[in-house]
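Let me begin by presenting the structure, written as structure tokens, before commenting on it.
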Amino acid sequence: MKAQLETEGPTSHGPPADQGRPYASPKQQGPLSDSALRKQVEKLNQIGIALSSETNLERLLELIVREARAFTWADAGSLYILDQGMLYFHVAQNDTLKRRTDSPPGFKPYPLPLSKESIAGYVAITGEILNIENVYNLPRTVPYNFNPDFDLRNDYVTRSMLVVPMKDREGQRLGVLQLINATMETGLVVSFQESVEHLVMSLASQAAVAIRNAKLIANIKALFQALIRYSTSAIDARSPHTAGHSRRVAAYSEAMAVAINDETEGPFRDVFFTPEQMEELDYAAWLHDIGKIGVPEQILDKENKLSAEAMGAISTRFDLIKSLTVNRLLHHRSSESKKDPWRNTAGKEMENAEQEVDGELNFITKVNRSPSLSDEDLNTLKEIASKTYEDLRGNARPYLTDTEVECLSVKQGNLTDEEYKKIQTHVEHTYNIVKNIPFTQTLKNVPFFSASHHEFLDGTGYPRGLTSDGLPLQARILAVADIFDALTAVDRPYRSAITPSKACQVLKAHAKAGRLDQDIVNLFTEKALYNKT
Ligand SMILES: [Fe+2]
Ligand SMILES: [Fe+2]
């Protein structure tokens, strides 16, 4: 190891892979010429603009290290972010290792305690810039040491280092930028020029401002995401039948979008969702049923054709009918016995009458719970509904009210037409709620995507009856995810969950009938993407 240090460094070293270097290379020692300096300042301005337009923190950190390395001809570079007294290793770029393995250098992001014993820690604490000629030959007087773990693990030799604190305009230190091995065109590793120190410092402070902004944006985004996730989960949890639904629809949608991005052949080979489009789809999926807040809970939560209260009222009424019938028969018996004391058939009649009323109530109870109603049962129901009894005031009353008959007569499921329409309005509520969220330009389609999850390609969906021309891939993905979860979710009203393979058959039938996107259904079912939640 040491022998290597005394030579030109690793033979695989060469100029960093970045193209287009308008700046001075390390071989140009001494003060920079006016034109070289002007070029560097211009480049610095360009980098500043690039940094200020990148809002994704991870991409920003990569950009900072890449630009700083290009600026200084550094073979490698890394970046630490200071957070709650610890330095977190975020970026590791190394051209030599990249050329060797064609994969990023092997390193484990680990937090470093903020201490003057490490080079990065020293710079973070003191705010000093360190320009080290050879890290393996540090003066005994300095408090910091070089940790050779990375070199040993990766068979790499670190030699020169330029370590710069990243401070914002208020002087607050946000992290440390570490540039490694200034490399000449010949591959010779040399020290970093003193003349680039102030330029790298300037770049580091621009980077610090950009990091601060990106962190702020990331925090706001995380807050907004959490708010959306908690509020939609709370709406889902209003009914045990929909608890967790939006989360699962978002997970299935993401799995489909990722799988589409991975496709290199077939119908999706040229389709790629950008990170912004992935984010847009995620918001649309989480928000797609937020409009259910506008649908009464008793409809959303309806487990049977009638509510427990309505069924309780019928039960009480039928008890009354039974009592009134028995009373009527008793009264009849007492007047008959006066005429003919030897004749008494009322006991049997009472028993029959009681059995009849009980049988009718049992039948109603069965119909109430049944997910479907046969024609025969409908006729029986109509017969019961046509019957009346005489109340205590002598008024004729129907066995069942019109509303009860309407609810019990539903042939499939347990919702009346009116209730079904009310449930369907949730999509319009979703649109009206989501369109009022001030999404940025890159997320502008969230309201449309989220409100299109019940549309079918053949125009038979709702609310707008859109057809394939008007339904982008994102809306088609949401439709598949939504139906799959509705079929497989446990604890749904009037039927138990079906298995994923049966649900896939249903999706395929919808696709075959032209309602769902065939290619998406194929992808979802063949790759069993429902397992990726
Ligand atoms: Fe929905
Ligand atoms: Fe849904």
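Within the range 408-435, residues that are within 19 Å of Asp377 (Cβ to Cβ) reach partners that are within 16 Å of ligand 2 (Cβ to nearest atom) and part of a loop (DSSP other than H, G, I, E, B) with beta carbons closer than 9 Å, at six or more positions or on different chains, in the pairs Gly413/Pro493; Asn414/Pro493; Leu415/Pro493.
Among the residues of the range 222-254, those that are within 14 Å of ligand 1 (Cβ to nearest atom), among the hydroxyl-bearing types (Ser, Thr, Tyr) and under 12 Å from Asp289 (Cβ atoms) comprise Thr232, Ser239, Thr242, Ser246. Contact map, the range 343-357: first residue more than 16 Å from His331 (Cα to Cα), second residue in a helix (DSSP H, G or I) and at pLDDT 75 or above, Cβ cut-off under 7 Å, separation 6 or more or different chains; pairs are Val357/Phe318; Val357/Ile321; Val357/Lys322; Val357/Thr325. When you scan the range 277-314, how many residues do you find that are touching a residue at least 12 places away in the same chain (Cβ under 8 Å), in a helix (DSSP H, G or I) and polar (S, T, N, Q)? So the answer is 1.
Of the residues making up the range 216-260, those that are part of a helix (DSSP H, G or I), in contact (Cβ under 8 Å) with a residue 24 or more places away in the chain, touching a helix residue (DSSP H, G or I) at 6+ places or on another chain (Cβ under 7 Å) and not aliphatic (A, V, I, L, M) are Arg229, Thr232, Asp236, His245, Ser246, Arg247, Arg248, Tyr252, Ser253, Glu254. Annotation note: Cβ proximity below 7 Å between a residue of the range 365-383 that is open to solvent by 90 Å² or more (accessible area, probe 1.4 Å) and a residue that is at pLDDT below 95 (sequence gap 6+ or interchain) occurs for Arg369/Asn304.
Consider Ala120 carefully, then state whether it is in a helix (DSSP H, G or I) and touching a residue at least 12 places away in the same chain (Cβ under 8 Å). The answer is yes for Ala120. The selection criterion, being closer than 30 Å to Leu378 by Cβ and either in contact with a strand residue (DSSP E or B) (Cβ under 8 Å, 6 or more places away or on another chain) or modelled with pLDDT under 95 (or both), does not hold for Asp236.
In the range 478-491, is there at least one residue being of a type outside the set (Val, Ile, Thr), at positive phi and touching a residue at least 40 places away in the same chain (Cβ under 8 Å)? Yes, some residue in the range 478-491 is of a type outside the set (Val, Ile, Thr), at positive phi and touching a residue at least 40 places away in the same chain (Cβ under 8 Å). The residue of the range 407-423 that is farthest from ligand 1 (Cβ to nearest atom), among those that are surrounded by 15 or more Cβ atoms within 10 Å (Cβ to Cβ) and either assigned to a helix (DSSP H, G or I) or modelled with pLDDT of 95 or more (or both), is Leu408.
Would the range 441-457 turn up any residue that is surrounded by 18 or more Cβ atoms within 10 Å (Cβ to Cβ), over 19 Å from the mean Cα position of the chain (by Cα) and either more than 16 Å from ligand 2 (Cβ to nearest atom) or touching a residue at least 40 places away in the same chain (Cβ under 8 Å) (or both)? Among the residues of the range 441-457, at least one is surrounded by 18 or more Cβ atoms within 10 Å (Cβ to Cβ), over 19 Å from the mean Cα position of the chain (by Cα) and either more than 16 Å from ligand 2 (Cβ to nearest atom) or touching a residue at least 40 places away in the same chain (Cβ under 8 Å) (or both), which makes the answer yes. Filtering the range 215-236 to residues that are within 16 Å of ligand 2 (Cβ to nearest atom) and surrounded by 13 or more Cβ atoms within 10 Å (Cβ to Cβ) leaves Ile228, Arg229, Ser231, Thr232, Ser233, Ile235, Asp236.
The values are calculated or read from the model by the stated rules, or taken from the named source; none is laboratory data. The model shown is predicted, which means the values in this text are computed figures rather than measured ones. Neighbour counts run over all protein chains shown; Cβ positions are idealised from the backbone, glycine included. Only protein heavy atoms, including side chains, enter the accessible area calculation; ligands, DNA and RNA are left aside. Shrake-Rupley method; radii C 1.70, N 1.55, O 1.52, S 1.80 Å.
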